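Data block below; observations after.
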Amino acid sequence: MTNGTPDDGLSPDARRVLEQIDDQNVDFLRLQFTDILGTVKNVSIPATQAEKAFAEGIYFDGSSIEGFVRIQESDMRLTPDPSTFAVLPWRDRDDGTASARLMCDVMNTSTGEPFVGDPRGVLTGAIDRAADMGYDINAAPEPEFFLFEQDEDGSATTVTNDAGGYFDLAPKDLASDVRRDIIYGLEEMGLDIEASHHEVAEGQHEINFTYDDALTTADNVATFRAVVRAIAAEHDLHATFMPKPIARVNGSGMHTHLSLFSGGENAFHDSDDEFDLSVTAKQFLAGVLEHAPAITAVCNPTVNSYKRLVPGYEAPVYVAWSDRNRSALVRKPAARTPAASRVELRSPDPSCNPYLAFAAMIHAGLDGIERGLDAPSPVRDNIYEFDAERRAEHGIETLPTTLAGALDALEADEVVTEALGEHVTEKFLEAKRSEVMDYRVSVSEWEKERYLETF
């Protein structure tokens, strides 16, 4: 393979990746991107084609990807981002070779411009808007997932492999070795793991990685989901990020922490404020609250998501904020240092497309800053214990209770639809309204058990 030379048109970062490919004996590269629904897509190329990929990109048929283009507009091009190079941890071959991945941006071959339907590009647009306002954006999600046993055919069941609860240890938490191997795999791919633990429900787990810039973090979420699934499978387990796989127990969320920095300083911190939050932070928070119904469609994008967003299972459904309780939609977590001041949106779940979800949150918050919105007073009592009258006294609204309602809110919200762009909005709504209709015409086991012999 030919390593790049300074006059070959490749960036220094791309040349460093070519050197790493040689040094680590990588023989195949997986060029990855996501469709509009957040599913990671993959084009594999021999490592000998790496230099061509960086210089010219790799062409593919975009008409086969959910929400991309029509058949007559099918040619698309992948441009690898060299900063995302990572050797895949689960491939161990006797000949010592390895595979690696690169996250890619999607380009429109007819115009040479970034493709408007590329979710990664949508997030890049949000980051650029923040930069124009003088801000850098950091994000830190907390994705949760379930580990289930497989049946004799290797298909997923909903039988959990442990009976552990929140922060439990072995022998109740039988998945500690699985989490350990997942963490090793994530660290090999460059993620900085902060903590891991058993979550509230049996078979439910959480692994947290440290904050980073919003684009890197979204890439990390995509990486995280792939690594968790692959390493769980090595243990003959099925990992799922389905928001509510088991009825009447806690579902899986992806609480997301956000902060803005300006000139190297945390723009969300003000030590003179009662809550250590700056005016900028409160305006950002107010923007997120105002656009919460529309954000919900993007951050909770499946019919199943709304089985999680119900009172009584630690999922936030009330549009309010607090510095101390977790029943509010937005929380201001305690911060050890000024640099750690942030806000936490607690509604997202791990089925979302992280690029679109982060973009929606960021644009909503920036809208609050641009318009100088005032944040409401924090609600420090447990909102789950409020009746409708008391919620009305506090002006607390409720998130959409169905995907259909959230999609209506999204369609009516110009800020969030502009954040996604016309193409993504149209394709997202089309796919999700089809999902709603498919759900409406299906008949569940619950319905048959309840009604078949009753009527």
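Percentage of Cα-Cα pair distances in segment 302-359 greater than 13 Å, rounded to whole percent? Here the tail beyond 13 Å accounts for 66 percent of pairs. Its relative contact order, with pairs defined as Cα atoms under 8 Å and 6+ residues apart, puts segment 270-329 at 19 percent. A 1.4 Å probe, protein heavy atoms only, puts the accessible area of GLU202 near 100 Å². In the chain, a dipole from Cβ-located charges (positive for Lys and Arg, negative for Asp and Glu) runs towards its positive end, and of VAL441, THR34, ASN161 it is VAL441 whose Cα lies farthest in that direction. Computed with a 1.4 Å probe over protein heavy atoms only, the accessible area of ARG371 comes to about 120 Å².
For the chain, carbon and sulfur atoms together expose 46% of the accessible surface, with a 1.4 angstrom probe and every protein chain in place. Charges were assigned to the Cβ only: +1 to each Lys and Arg, -1 to each Asp and Glu. The resulting dipole of the chain about its Cα centre is roughly 640 debye. For TRP446, the accessible surface of its heavy atoms amounts to roughly 120 Å² (probe 1.4 Å, protein chains only, rounded to the nearest 10).
Pairs of alpha-carbon atoms within less than 8 angstrom and 6+ residues apart define the contacts here; what relative contact order does segment 318-455 have, in percent?
Answer for segment 318-455 is 23 percent.
Counting lysine pairs in the chain whose alpha carbons fall under 28 angstrom apart, excluding pairs fewer than 8 residues apart on the same chain, gives 18. Heavy-atom accessible area with a 1.4 Å probe sorts SER83, SER44, largest first, into SER83, SER44.
Annotation: extensible slack from GLU414 through SER444 equals 7.3 nm (criterion: 0.36 nm per residue apart, minus Cα-Cα distance).
Between MET437 and GLU397, what FRET efficiency follows from the Cβ-Cβ distance if R0 is 25 Å, with the result rounded to 0.05?
0.40
Using the average count of surrounding beta-carbon atoms within 10 Å as a protection proxy, the listed peptides 335-346, 275-286 rank, highest first, as 275-286, 335-346.
Between GLU149 and ASP181, what's the calculated FRET efficiency when r is the beta-carbon distance and R0 is 25 Å? Round to 0.05. Given R0 = 25 Å and the Cβ-Cβ separation, E is 0.90. Projecting the Cα positions of ALA334, TYR384, ALA292 onto the charge dipole of the chain (unit charges on Cβ atoms of Lys, Arg, Asp and Glu, taken about the Cα centre) puts TYR384 furthest along the positive direction.
Its relative contact order, with pairs defined as Cα atoms under 8 Å and 6+ residues apart, puts the chain at 14 percent.
The values are calculated or read from the model by the stated rules, or taken from the named source; none is laboratory data. Worth saying up front: this structure is predicted, and the values here are computed from it rather than measured. Neighbour counts are summed over all protein chains in view; Cβ atoms, including those assigned to glycine, are modelled from backbone coordinates with ideal geometry. Side chains are part of the model used for accessible areas, which takes the heavy atoms of the whole protein and leaves out ligands, DNA and RNA. Shrake-Rupley method; radii C 1.70, N 1.55, O 1.52, S 1.80 Å.
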